[in-house]
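Everything on this sheet refers to the single structure shown next.
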Amino acid sequence: MARDERRTSPQRPCRELRRQLNESQLDTLGQLERYGWELKFVRRPLFQPVIPVLFDPDRHGYAILEEDGSLNEHPPFVIRPH
């Protein structure tokens, strides 16, 4: 039985993703976007705060925005390349 790729769902518009962020995260995101970073997706683990995942095209790397707006370039989980 073939397995379907579940990660190919339609991407949400950026503004819809942004609505899930708090003020500190939005401030940091705005600053990072000036340097080419982009908000790729938002993880929503059960009973935990959302985890915004950003992509840095210069280094081809991912990072997460913590609740306080700080950038964590070494997230506690593996982000698979798309």
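Read-outs throughout are calculated quantities, based only on the coordinates presented, and are distinct from any laboratory measurement. This is a predicted model, so every value here is computed, not measured. Positions of Cβ are backbone-derived with ideal geometry, glycine not excepted, and every protein chain shown enters the neighbour counts.
Just a few scattered comments:
- For the range 16-82, the set of chymotrypsin sites (Phe, Trp or Tyr not before Pro) satisfying both a DSSP loop assignment and a count of at most 14 other C-beta atoms within 10 Å is given as Tyr35, Phe47, Phe77.
- Under 5 Å between amide hydrogens, built in the peptide plane, is the criterion, and for Lys40 it picks out Val53, Leu54, Phe55 among residues at least 5 positions away or on other chains.
- Taken one residue at a time, the phi angles of the range 61-78 give Karplus couplings (6.51, -1.76, 1.60, θ = phi - 60°) of x, 10, 8, 10, 9, 6, 4, 7, x, 6, 8, 10, 7, 10, x, x, 9, 8 Hz. Gly and Pro are set to x.
- Check: the range 24-72 dipole with +1 on Lys, Arg Cβ and -1 on Asp, Glu Cβ, in debye: 220 debye
- Prolate/oblate/rounded call for the range 18-65, Cα gyration tensor, a/c under 1.5 rounded: oblate
- Trypsin sites (Lys or Arg not before Pro) restricted to the range 15-49 and DSSP loop, no more than 11 other C-beta within 10 Å: Arg19, Arg34
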